[in-house]
1. I'd like to compare 92-105, 218-231: which one has the highest average count of other Cβ atoms within 10 Å, and what's the full order after that?
2. Determine the calculated [θ] at 222 nm for the chain from helices alone, applying -39500 (n - 2.57) to every DSSP H run no shorter than 4 residues and normalising by the residue count; nearest 500 deg cm²/dmol.
3. Any chance you could run the full-extension gain for Gln285 through Thr190? It's 0.36 nm times the residue separation minus the Cα-Cα distance, nm to one decimal.
4. Straight-line reach only, C-alpha to C-alpha below 19 angstrom: list the aspartates and glutamates that Lys66 could link to, leaving out same-chain residues fewer than 8 apart.
5. Under 12 Å Cα-Cα from Lys213, which aspartates and glutamates qualify once same-chain neighbours fewer than 8 residues away are excluded?
6. Within region 35-58, list the residues whose amide N lies under 20 Å from a label point set 7 Å along Cα→Cβ of Ser26.
7. Roughly what would the spin-label model give for Leu212 and Asp317, points 7 Å off Cα along C-beta, in nm?
8. Under 12 Å from the Cβ of Asn310, count the other residues' Cβ atoms, weight Lys and Arg +1, Asp and Glu -1, and hand me the total.
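Read-outs throughout are calculated quantities, based only on the coordinates presented, and are distinct from any laboratory measurement. The structure presented is a predicted model; accordingly, all values stated were derived computationally and were not measured. FYI the Cβ positions are ideal-geometry reconstructions off the backbone, even for glycines, and counts take in every protein chain you see.
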Amino acid sequence: MTRESANAPFLRNAWYVGAWPEELASGLFGRTIMNEPIAFFRDAGGQVNAVEDRCCHRGAALTDGKVIETGLQCGYHGLVFNGKGKCVEIPGQDAIPPMAQIKYYPVVERQGFIWIWMGDPARADESQIIDWKFHDDQKVYPHRKAVLPIKANYLMMIDNLMDLTHLGYVHSKTIGGNPLSHVSAKMDVTRTEHGCKLVRWMLDALPPPTYLKGVPFAGKVDRWQEFEYVLPGSVLQWSGALDVGKGAQQNRDQHGVHLRLYHAITPETENSSHYLFSVGASFGQDDPAVIETIFNDTYPTFIEDVEIMNNQQARIDLDPGKPLINIKADNALHHARRAFNAAYEAEQQAMRQAAE
């Protein structure tokens, strides 16, 4: 991390995970993203929509209202808005003023995600949304989801996820183990079109207790941890293990332990964010207790990360201009930061050109 990127700016023309569909169980849900209060609502046709959480009449929060047949109704004076932010009803009058509208955001519900586009709606391209097939069938890849608030800039969690050498220190009471084993693990970092990928191998290692709950390994295993950063706020994780001798490095797609985790970090403000994550496993599908055990074993590590992030942001805020040094272990996160910075500069350049 460099001094100028300790609190990274917002990349707007991109898709972010705005919410899990489960959070919209009541039909109406509020979340602040990039300092903008947003009301998510599911209309009478089942379509998810997102509009600014502020009525254009007297500035009331629309999340204090309710969803009716014709749209989202303000709980103050009853104005109704559709999914494009247009006022379609005003109690007591027939004429709707042209200015009676609010900001709307393109949203897409797909594969158990609610994606939101925070930039220019005309540039929202659904083909850019990440394909996460592991949510397609709960029976094939059982998974559980959760959300945690982080009092830190969203790219700090990206840094954290792309730096696995912290495991032996931050997670010493959970999954960490010997810190030196993590530092000395074989790691390969490659740039990708939309970020970077880190693959780490721990060969001839003892299987973690959580793994043994799912697969009866014969002895030691070859373990891998793959983390791929995808702009602007996603990290795709594939962790697993095979028995030693099965050629894991040549072919990981064999029966063994396979965990697929989705990490989505969505900015709330400059120094706070939403951490939405999904934990999935490809074994023990016939026993619902297996995924519950894996999730419960994994969840404490997320809490540990969040505590570190919260305190890190608090210290940086005391002196934002103080430089942070770089070490060898930062290789992957630097690739991620460079990808972000390049995308941000390209977006800013396009905005400058459009303004000329």
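1. 218-231, 92-105
2. -7000 deg cm²/dmol
3. Extra length available between Gln285 and Thr190 comes to 30.9 nm.
4. Glu22, Glu23, Asp43, Glu52, Asp53, Glu89
5. Excluding near neighbours in sequence, the set is Asp287, Glu292, Asp297.
6. Counting backbone N atoms under 20 Å from the label point, the list is 37-55.
7. Reported label-point gap for Leu212 and Asp317 is 4.3 nm.
8. Cβ neighbours under 12 Å give a net charge of -2.
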